[in-house]
1. Starting from the Kirkwood radius over alpha-carbon pairs of region 3-153, derive D by Stokes-Einstein at 20 °C in a medium of 1.002 mPa s and give it in µm² s⁻¹.
2. What ranking, highest mean first, results for peptides 72-78, 98-104 when packing means the other Cβ atoms within 10 Å averaged over each residue?
3. Which links in LYS93/LYS193; LYS93/LYS134; LYS93/LYS127; LYS93/LYS144; LYS49/LYS127 stretch past 27 Å when you go from one Cα to the other?
Amino acid sequence: MMEHKNYGIAELKFQDTEAMTFEGYGAVFGNIDSQGDVIQPGAFADTLKNSQETGNWPSMLLQHGGWGMSADDMNPIGLWTEISEDGRGLRVKGQLADTPRGREVYTLMKMQPRPAINGLSVGYRVKQFDRRTKPEEPRRTLIKLDLMEISPVTFPANGSARVSGVKAIEDLGTPADIETFLRDAGMSRTEAKHLIAKIKGVDLREAEALNELALTIKRYS
């Protein structure tokens, strides 16, 4: 049986407005969710290893495919380009498809003054877990999980893992902000400062300037 865990899209970032890419956390370690479960670091290690070896990655669905009443419900809305574990949890990077549903989700994620969709939820099968032996312990400590899919969702069960910030190219303005963004995109400090020097004094709200910056970042990413 496949189970689900809902989390917020922590530190949601949009790095390429043309490609509709974003990143965040699909799961948070050591955090007891509304169902009384806690995911242990390393729980997704087997899935990640298998994905790298076989090329079969967890799917990106919307709302876990809804009720699965039609083929459209189970049709992916994009794909995950990076999935890894770090000290916080399951970090993911994804790209939404250039389809009506993909564009709709992207628009909802970027709405202001707050995103209309700000949750991620993982769908998995439990392979190994420990049950609590004391009342104060989690209901289950999930040790090994077979990760099947990760979905953007409307109602995350984990209220503490909400979106903490949304950043897009057009949101950047100061040299410090731009340098941070470029470093996150994969540039070295020297490369970032060189590009900033080239565009210094250019209004980043202008479409041509944004396009040039986006294309440059894409070359370095």
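1. In µm²/s, the coefficient rounds to 135.
2. 72-78, 98-104
3. LYS93/LYS134
Values quoted throughout were computed directly from the atomic coordinates according to the rules given, and no laboratory measurement underlies them. Because the structure is predicted, anything quoted here is derived from the model rather than measured. Neighbour counts run over all protein chains shown; Cβ positions are idealised from the backbone, glycine included.
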